[in-house]
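Read-outs: derived from the displayed coordinates by stated rules, not from any lab. All values reported here derive from a predicted model rather than from experimental measurement. Glycine gets a Cβ as well: all are built from the backbone with ideal geometry, and neighbour counts include every protein chain shown.
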């Protein structure tokens with residue numbers, strides 16, 4: 001005897017659980033197939049364990065596919081998602097940047113209210129089971145020769161952070177129905193650079209403006225930058241990392257609040273006032289001493305023991321330019337194991353505004369498996385909840401047509 005569901009969801013992450021709740025609230029018998037021993041493990045790891053679950057300012061323009069993302073957010077936007085979580089009993093708090101967290105500042109609170117609602121609605125959580133086989137039948141879908149469903153939602157996630165169960169296996173399921181998978185790469189991930197300069201700065205954090213130039217196109221972000229053994233990390237780095245291929249160049253403006261001319265004038269004033277100051281201390285008070293010495297050594301090739309009065313006006317301009325455009329040749333990024341999100345995925349043009357496949361009726365997709373991604377700050381989870389809820393409603397409505 002095969003287990004029958006109206007809606008079966010492959011993947012018990014953010015989008016899958018949101019889909020389960022919405023489908024069950026519409027009266028569907030819902031099952032969630034999850035390969036790990038429990039659902040929602042990736043939710044627990046988000047926001048350093050605090051779960052930045054939404055961003056109040058999220059709109060289509062924040063995503064790589066603005067039109068498609070906006071279509072989803074038009075149906076289930078940020079306020080709708082806030083109301084959804086409040087209906088689950090979750091209190092939230094937002095910071096000045098619009099990042100929304102559970103009021104407890106514990107990611108477990110988000111997962112717990114979702115699980116409690118699934119229990120209340122009678123959702124069957126089938127943990128420890130991967131979707132090994134999938135077939136279309138006359139009256140729906142057959143999964144693992146065991147579970148049947150009128151409607152199926154693929155919400156397996158991408159390839160990022162496989163320790164949380166997202167290993168890319170869902171792409172093959174969609175390919176089997178003819179879906180196109182766009183090129184995949186890690187996103188929201190650290191950037192690897194040539195080691196010459198970064199190793200001297202390892203462990204330092206700065207607030208800087210970042211410009212990444214790749215294939216003649218410039219991508220920018222601003223925020224915290226962390227220098228590491230292998231390259232650059234920090235939120236600003238992650239925000240542009242989807243473009244960071246070998247051959248790109250990352251440039252840091254360490255003093256974005258000053259123009260190059262104003263900075264040159266400031267350095268000239270230091271030189272003229274305190275010309276006996278050793279060059280190694282010339283940038284003391286301007287940037288961290290290790291950064292200052294590295295910049296001076298890299299740009300001037302002078303002995304750092306000489307007095308700064310020896311610097312010409314042209315050398316001052318060179319130093320100011322280096323501080324405004326500290327350059328790092330890019331080698332690529334860290335891999336999927338370190339990434340928070342996958343760039344690329346199921347081509348959005350092959351899904352309707354209800355997230356139903358245009359190639360196979362009754363088949364839906366939601367969350368990271370779609371070719372939709374965004375910067376840090378709760379935007380990716382916003383899309384996960386919204387797309388999951390949309391797919392859940394669409395799948396439930398599809399299944400309801402065959403009841404009775």
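Roughly how tilted is helix 14-25, in degrees to the nearest 10 and between 0 and 90, from the longest Cα axis of the chain?
30 degrees
Please state the relative contact order of the stretch 190-334 as a whole percent: Cα pairs under 8 Å, 6+ residues apart? Write down the numbers at each step before the final one.
Working: 290 pairs, mean separation 45.3, N = 145.
Computed value for the stretch 190-334: 31 percent relative contact order.
How would 57, 179 line up from fewest to most surrounding beta-carbon atoms within 10 angstrom? Mind showing how you got there, number by number?
Values: 57 15, 179 22.
So the residues, fewest neighbours to most, are 57, 179.
Return, ordered by residue number, the residues of the stretch 311-345 whose backbone nitrogen is under 13 Å from a label point located 7 Å along Cα→Cβ of residue 220.
325
Which angle between 0 and 90 degrees, to the nearest 10, do you get for helix 289-300 versus the longest principal axis of the chain when only C-alpha atoms count?
Taking the Cα atoms of the chain, the angle to 289-300 is about 70 degrees.
Taking the number of other C-beta atoms within 10 Å as the exposure measure, put 199, 29 in order starting with the fewest. Display every interim value, and only then the final one.
Numbers: 199 14, 29 21.
Ordered from fewest to most neighbouring Cβ atoms within 10 Å, 199, 29 come out as 199, 29.
I'm checking a number: the convex hull volume of the Cα atoms of the stretch 190-334, normalised per residue, in Å³. What is it?
Working: hull volume 14.3 nm³, N = 145.
Value for the stretch 190-334: 99 Å³ per residue.
Tell me what the chain gives for mean residue ellipticity at 222 nm when only DSSP H runs of n ≥ 4 count, each as -39,500 (n - 2.57), the sum divided by the residue total, rounded to 500 deg cm²/dmol. The partial results should precede the final answer.
Working: 12 runs with 129 residues, N = 404.
Calculated from helices alone, the mean residue ellipticity at 222 nm is -9500 deg cm²/dmol.
Using Cα atoms only, what is the angle between the long axis of helix 260-273 and the major principal axis of the chain, expressed in degrees (0 to 90) to the nearest 10?
40 degrees
In which sequence would 46, 342, 124 go, from the one with the fewest C-beta neighbours within 10 Å to the one with the most?
Working: 46 22, 342 27, 124 16.
Going from sparsest to densest Cβ surroundings: 124, 46, 342.
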